[in-house]
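Before any comments, here is the structure.
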Amino acid sequence: MITRAIALLALTAIALSLFAGSGTASAQGGSQKTSGTVVGVATDENGALTRLAIADSGGNIIEFSVEPSTEYGLETQAGDRWVSTQASGSVEVVSRLRDHQDRFAPVTVTSENGVALSVVERESGKLETNLGFLFAVFAITWAGFFAYIFFLSRKQRVLQREVALLRASIDSTNDD
């Protein structure tokens, strides 16, 4: 019975954690936001960025082309923010995106029809909603843990009584 309860708690925790993940893409006003890590950067013969690929949390790889109006707002490992457009910093963009790729730093790409409009540090999303689910899973896990400890203590008491009865019966047979 207790193993069924623990299995049910584990399944509930898994379901809540899957439900808690907010999708990586959302359509708003014709544009789409995709969050993930940079997995590919393609350049032309001059070293300017032509395409980039993002892997989202589901493992899907989405490719984006860039235009001169594509905006970038990326941070370095030290936390310094770098803001530019494709037209004014096309070669610098490549090194910044490759740095993000090497660090597995998440980014959010706002795109329309496969063309990146902006590439920025990952947007926070709905952290408050996710934290609620995290707390629920945490509470369920601890409740399951304490239920299991209670079950073990009851079993231990039963075994202690049986051992005491066996010792008493052995002592009584030895005395005779």
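Taken together, the values in this text are just the output of simple stated rules run on the coordinates, not laboratory data. These figures come from a predicted structure and were not determined experimentally. Virtual Cβ from ideal backbone geometry, glycine too; neighbours counted across all protein chains shown.
May I ask you to compute the full-extension gain from residue 161 to residue 51, defined as 0.36 nm times their residue separation minus their alpha-carbon distance, rounded to one decimal in nm?
Net length gain for the segment: 32.3 nm.
I need the peptides 142-155, 40-53, 87-100 ranked by packing, meaning the mean over residues of other C-beta atoms within 10 angstrom, with the highest value on top.
87-100, 40-53, 142-155
Taking K and R as +1 and D and E as -1, what net charge do the other residues with C-beta under 15 Å from the C-beta of residue 90 add up to?
-2
Residue by residue through region 50-56, which ³J(HN,Hα) values in whole Hz follow from phi under the Karplus form 6.51 cos²θ - 1.76 cosθ + 1.60 (θ = phi - 60°), with glycine and proline marked x?
Calculated HN-Hα couplings, in order: 10, 8, 9, 10, 10, 9, 7 Hz.
Taking θ as phi - 60°, what are the ³J(HN,Hα) couplings along region 83-93 by the Karplus curve (6.51, -1.76, 1.60), each to the nearest whole Hz, with x for Gly and Pro?
Once rounded to whole Hz, the list reads 10, 6, 10, 4, 5, 9, x, 5, 7, 5, 4.
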